[in-house]
Each structure stands twice: as C-alpha cells, then as structure tokens.
Amino acid sequence: MARENVNRAGVSDCIEIIEGSAAESLHALPGPFDFVFLDADRANYLTYLELVVPKLVVGGLLVADNVTSHARELQEYLARVKSHPALFSVTAPIANGERDCAQARLSTERVRTTLPSEWPWYG
C-alpha cells in the first residue's frame, strides 16, 4: 500500500521505503531527517522518539499519529515529547484523527520511511 501511494503521488524518486524493525532501522540510519511520520506500534513510540530526535535537523518535523485516540496508551510518549528540551510540540486535528506535531528547535533531499516487515499491508 505504501509503495502504491508513493507511486500514485509521483514522489517515488525522493522517498525510500525501508522494511524491517523500526528501532533497528532508525538506529542504523545516519540522518539527518527533515520530516518523520510516526505511525507504528504505539508501545515503542517513546523508543522511536529518542532515536529520531537527535537526527532531526533544526526546524525538522516529527508527526505522530494516534495521539488523541490512544492518549492513555501514549501517556509516557506524550509527556516526554511535551517536556523534551529540543522540541516544540502541538497537537493538531488533521484529516480524521489527531496528530502530535513536534518541531526540532535545534534542504530536503530524501525522505526515508521505515516500515516494520511484519506489516504486510504496507508493502
């Protein structure tokens, strides 16, 4: 589904889809990242946050899905993102859900999307 959407949007030449363990991939990717969309297993949002923030460019954007619909499950993540000294955070209604948008306080060439291999519907 992700590849189909990327192709349909006409941006396949500037987006790389990486399948596998999100934590392992985020650890291995050197960054820097201009934009990260976090829509993964919610139990690991906090881990992903800590792996991503040091690699965000100044003014980079981290957008996390499900922050209102699963707020109880994401309490630790939300507390950390709102108190993180390197981030400015706001929750915004986008489409049919709520996203937490955090901008790093600290030139887009490529966007990397990491998708867990156990999510076959993304392939």
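Does Leu74 qualify as being farther than 26 Å from Val6 by Cα and aliphatic (A, V, I, L, M)?
Considered against the rule, which asks whether it is farther than 26 Å from Val6 by Cα and aliphatic (A, V, I, L, M), Leu74 comes out as yes.
Only residues that are assigned to a helix (DSSP H, G or I) and either exposed (fewer than 14 other Cβ atoms within 10 Å of the Cβ) or of a type in the set (Phe, Trp, Tyr) (or both): list them for segment 21-33, please. Outline the logic, then answer.
Of all residues in segment 21-33, those assigned to a helix (DSSP H, G or I) come to 22-28.
Hits for segment 21-33 are Glu24, His27, Ala28.
Could you give me the residue pairs with C-beta distances under 8 Å whose first residue belongs to segment 1-21 and is among the basic types (Lys, Arg), whose second residue is surrounded by 11 or more Cβ atoms within 10 Å (Cβ to Cβ) and not in a strand (DSSP E or B) wherever it lies, and which are 6+ apart or on separate chains?
Sorted first by the residue in segment 1-21, then by its partner, the pairs are Arg3/Ser12; Arg3/Gly123.
Does Thr108 satisfy the criteria of being at pLDDT below 55 and among the polar types (S, T, N, Q)?
Here the answer is yes, as Thr108 does meet what is asked.
Of the residues Val52, Val63, Val36, Val67, which single one is part of a loop (DSSP other than H, G, I, E, B), within 22 Å of Ala2 (Cα to Cα) and out of contact with any Pro (no Cβ under 9 Å at 6 or more places or on another chain)?
Val67
Of everything in segment 36-57 that's hydrophobic (A, V, I, L, M, F, W, C) and surrounded by fewer than 16 Cβ atoms within 10 Å (Cβ to Cβ), which residue is nearest to Ser21 (Cα to Cα)?
Applying the filter and picking the extreme gives Ala43.
Here is a yes/no grid of residues against (1) among the aliphatic types (A, V, I, L, M); (2) under 14 Å from the mean Cα position of the chain (by Cα); (3) closer than 25 Å to Ala28 by Cα; (4) at pLDDT 90 or above:
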residue	(1), (2), (3), (4)
Leu51	yes, yes, yes, yes
Val57	yes, yes, yes, no
Leu62	yes, yes, yes, no
Asp65	no, yes, yes, no
Glu73	no, no, no, yes
Tyr77	no, yes, yes, yes
Arg80	no, no, yes, yes
Pro85	no, no, yes, no
Phe88	no, no, no, no
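When residues of segment 61-85 are filtered for being crowded, with 19+ Cβ neighbours inside 10 Å and either hydroxyl-bearing (Ser, Thr, Tyr) or over 13 Å from Leu38 (Cβ atoms) (or both), how many remain?
So the answer is 1.
The values are calculated or read from the model by the stated rules, or taken from the named source; none is laboratory data. Everything numeric in this text was worked out from a predicted model, so none of it was measured. Heads up, the Cβs are rebuilt from the backbone with ideal geometry, glycines too, and the neighbour counts pull from every protein chain shown.
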